[in-house]
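Worksheet for the structure shown next.
The values are calculated or read from the model by the stated rules, or taken from the named source; none is laboratory data. Note that the coordinates shown come from a computational prediction; the quantities given were computed from them, not determined experimentally. Note: ideal-geometry Cβ built from the backbone for every residue, glycine included; neighbour counts use all protein chains shown.
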């Protein structure tokens, strides 16, 4: 995903428990990105050392209007929940469907498993299947 000719990267999904409200959690995630060496890129979706996003926060929604994310205005991007593009990105949907197949998008009402089954899996990065290993292998 992003500009051509940038290094490969890994993507994952984690389930977290926190008492932080969404804006404070996002600030903390951005602080972790900076500590990992992330700096501003000249264009959107450029190379980065780490990219942490909030996909969903307890089904809370903000920044959506008429079932569409309202985030395409110039300037600083407001927090949009659930993440405005997560349902369109196979590299997010695969780990999300593995972790929480019955998670339901609070605006669009489909599960992560449904999105993954219908995802266009070409041209937007490859998904990596990790094989389970036995203790004897």
>> If the requirement is being at pLDDT 80 or above, within 27 Å of residue 59 (Cα to Cα) and outside any loop (DSSP other than H, G, I, E, B), which of these qualifies: 14, 24, 19?
In response: 24
> Taking residue 90, is it surrounded by 13 or more Cβ atoms within 10 Å (Cβ to Cβ) and modelled with pLDDT under 85?
Replying inline: no
>> Being within 16 Å of residue 30 (Cβ to Cβ) and either over 17 Å from the mean Cα position of the chain (by Cα) or modelled with pLDDT of 65 or more (or both) is the filter here; which residues of region 41-76 pass it?
In response: 41, 48, 49, 50, 51, 52, 53, 54, 55, 57, 76
> For the subset of region 27-40 comprising residues that are assigned to a loop (DSSP other than H, G, I, E, B) and either touching a strand residue (DSSP E or B) at 6+ places or on another chain (Cβ under 8 Å) or surrounded by 12 or more Cβ atoms within 10 Å (Cβ to Cβ) (or both), which member is modelled with the highest pLDDT?
Replying inline: 36
